[in-house]
Amino acid sequence: MSADTSSDPGAEHGSAPQLPATGWARFKQIGPGIMAAATGVGAGDLVATMVAGARYGYTLFWAVLVGTLFKLALGEAVGRWHLGGERTMLSGWRSLGRWATSYFGVYIVIWGFVYGATAMSASALPLNALFPVLPVGGWAALCGLLGLALVWFGRYAVLEKIMTVLVGVMFVTVVGTAFLVGPNLLELGEGLVPRLPAGSVAYVLGLMGGVGGTITMAAYGYWTFAKGWRTPKWLPIMRMDNAVGYLTTGIFVVAMLVVGAEILLGQDLTESDKGLLNLGDVLAADYGEWARIPFLVGFFAVAFSSVIGVWNGVSLLFADWWRTWRLPKEAPVETAAAYDHKAGMHSTPYRIYLLWLTFPPMLLLLFSKPFQLTLVYGVLGALFMPFLAGTLLVLLNSRSMMPAEHRSRWLSNTLLGLCLLLFVGVAINELVGLF
């Protein structure tokens, strides 16, 4: 089985990178996990966590830790499927039947249309607050076009460097804000004890199952391929990379919980991306404009990193879905080597989906989302994370597709099973809210 690749998933030829021998050299290989962390945590996730802190203080800290553990398990499972099985996520879903690829195809098209507008708007809000020379819609369109240009022309290695810089900005500003307001370490420690205050179930489900848990989790394996990791020998590096990525996610979430608990406790907050603008105003009132401006820069880094990550990662998913969908029914389950030649950053379906993420959603910037579209988007979205956890449970225990040494053991199966139950609970909660 060929492992030839390059750092660009669209390249058809090249030499695979050598596995580093020492600890520090291995640490420098980290990249796809940073992509996943930056993409998965958007402005909406930080707002949801901030609101949870404002309403319940540090009481739900335990839910943040449990949610981080679950994301670690899911990320490791996605990466192990790609590297241990040397197959893509779409090839695994194809093996389960036409229903799986059909569901995903409908979902990714509708999701991209709605999410494109959401991501561009979130990136525009802090820019409009900093530079009110353009309305939010104007900044949103510019953010979408900038994301399109970077992803259209940028190789994976370039995108990874940009995302690393954005994560650095996020870390300094978001975590810096938490240190500025000063966490109460005693109450934070008390938050390690699982408790469910009245009315907190929806927030617990959100913190455990929602933060950093979207379709972008399925893109992680494609970023490992883009990095040049193609064979099982890269599994130890992948596990370290995945752990760094989701620990980073956990730190961001804890930071926003601290901010909500310390300076917003008891306030009635806007549960939308604009809630971060409200926080900026509070920081300016309490500490001065010097605290507000860096925070808005961090807000932009959080939102725009999701634009770059989604424009790249989900477009890779769509390109592989298109390739997989068009395979003859009798075609064998394809390998990672076959993926290189038919899907990637230079394929036509990849570029078509990039355009789909950018231009049609601009119509939603002018009009409110149609109720029917929002409903379908909510239903399909609520079902995706149970779909991902459930299918990974099946695929990673498959004797026909996973080598025995890389199949799930009791710990992975237990965590994925708990993830499945959690995401079913989240789905039920979201569907009840929709209807």
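Divide the volume of the convex hull around the Cα atoms of the range 294-435 by the residue count and you get 197 Å³ per residue. May I ask you to list, by number, the DSSP H helices of the chain whose Cα span along the axis is at least 18 Å and whose average Kyte-Doolittle hydropathy reaches 1.0 or more? What comes out of the filter, once short or polar helices are dropped, is 136-153, 156-170, 235-263, 371-395, 410-434.
If you bin all the Cα-Cα distances of the range 53-117 at 10 Å, starting from zero, the percentages per bin are 17, 25, 34, 19, 5. When a 1.4 Å probe is rolled over the protein heavy atoms, the share of accessible surface on the range 23-109 that falls to carbon and sulfur comes to 65 percent. Close amide-amide hydrogen proximity is noted between His346 and Gly10, each under 5 Å apart and 5 or more residues distant or on a separate chain (H modeled in the peptide plane; Pro and chain starts excluded). Kirkwood analysis of the chain, using all unique Cα-Cα pairs, places the hydrodynamic radius at 21.9 Å. When the inverse distances between all different Cα atoms of the range 252-350 are averaged and flipped, the Kirkwood radius reads 17.1 angstrom. Largest mean-square fluctuation among Leu142, Leu396, Leu125, in a Gaussian network model of the chain whose springs join Cα atoms under 10 Å apart, belongs to Leu142.
For the range 285-359, the set of trypsin sites (Lys or Arg not before Pro) satisfying both a DSSP loop assignment and a count of at most 11 other C-beta atoms within 10 Å is given as Arg326, Lys329. In this Cβ point-charge picture (+1 for Lys and Arg, -1 for Asp and Glu), the chain has a dipole of about 1160 debye about its Cα centre. Counted over the range 171-249 with a bin width of 5 Å, the fraction of Cα pairs per bin, in whole percents, is 3, 10, 13, 16, 18, 15, 11, 9, 5, 1. Give me the base-10 log of I(q)/I(0) for the range 116-200 at each q in 0.18 Å⁻¹, Debye formula, one uniform scatterer per Cα, rounded to two decimals. Treating every Cα as an identical point scatterer, log10 I(q)/I(0) equals -0.94. Between Ala198 and Phe153, the distance separating the two model label sites (each 7 Å from Cα on the Cα→Cβ line) works out to 5.9 nm.
The values are calculated or read from the model by the stated rules, or taken from the named source; none is laboratory data. Treat the numbers as computed from the prediction; the structure is a model and nothing was measured. Note: ideal-geometry Cβ built from the backbone for every residue, glycine included; neighbour counts use all protein chains shown. Remember, those area values only see protein heavy atoms, side chains included, never the ligands or the DNA or RNA. Shrake-Rupley method; radii C 1.70, N 1.55, O 1.52, S 1.80 Å.
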